[in-house]
1. Per DSSP helix of 4 or more residues, -39500 (n - 2.57); summed, then divided by the residues of the chain. What does that give at 222 nm, rounded to the nearest 500?
2. Show me 78-89, 57-68 ranked by packing, highest mean number of other Cβ atoms within 10 Å first.
3. Search the structure for amide H atoms under 5 Å from the amide H of His9, placed 1.01 Å from N in the peptide plane, and list their residues when 5 or more places away or on another chain.
4. Please list, in chain and number order, the residues 5+ apart from Asn30 or on another chain whose amide H is under 5 Å from its amide H, with Hs placed from the backbone.
5. Remind me, what semi-axes does region 6-118 give for its equivalent ellipsoid, largest first in whole Å, using sqrt of 5 times each Cα gyration tensor eigenvalue?
6. At 7 Å along the Cα-to-beta-carbon direction for both Gln48 and Asp22, put a label point, then send me their distance in nm to one decimal.
7. Rounded to whole Hz and in sequence order, give me ³J(HN,Hα) for region 17-22 from the Karplus expression 6.51 cos²θ - 1.76 cosθ + 1.60, θ = phi - 60°, writing x for Gly and Pro.
8. Which lysines, on any chain, are close to Lys65 with Cα under 24 Å apart, when same-chain ones fewer than 8 places away are left out?
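Since every read-out is calculated from the coordinates, none of them should be taken as a lab result. Keep in mind the model is a prediction, meaning the values are calculated, not measured. Cβ sites come from the backbone with ideal geometry, for glycine too, and all protein chains shown count toward neighbours.
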Amino acid sequence: MTHYTGGCHCGQIAFEVEPESDFTEAMVCNCSHCSMKGFRLAFVPRDQFNITKGDGSWSTYHFNKGAIDHNFCPKCGVQPFGYGKMPDGSEVAAINLNCVDVLDAAALPVNEVDGKNY
Ligand SMILES: [Zn+2]
């Protein structure tokens, strides 16, 4: 288990995440929202994710069916994470790997997801 930390650009929001296995690939979705923001994502169960700074200080964007809380910093505009639910109802956090400290997200192999046609 690796302990990762990360946050938004200005430092108002910080998080820690302890996924069961290391982040070894990045999910890249081609939907209108993800492609605009250039996300490289990983999903973890909600209980492996913790806000360490700025809890609740974000703004939230909803679109489509509103299934995911796209939480972004109102100051710097960066979206470090989102909250959502898997089809079975379990709560997950979507981590923007570009916001994880140390991790070289751009070097990870990409797992392409066809969100546009989903
Ligand atoms: Zn910020």
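1. Numbers: 1 runs with 6 residues, N = 118.
Computed mean residue ellipticity for the chain: -1000 deg cm²/dmol.
2. Numbers: 78-89: 15.2, 57-68: 12.7.
Highest to lowest by the protection proxy: 78-89, 57-68.
3. Val78
4. Val113, Gly115, Lys116
5. Details: eigenvalues 72, 57, 45 Å².
Equivalent ellipsoid semi-axes, largest first: 19, 17, 15 Å.
6. Going from the Gln48 label point to the Asp22 one covers 1.4 nm.
7. 9, 10, x, 4, 10, 4
8. The qualifying lysines are Lys37, Lys85, Lys116.
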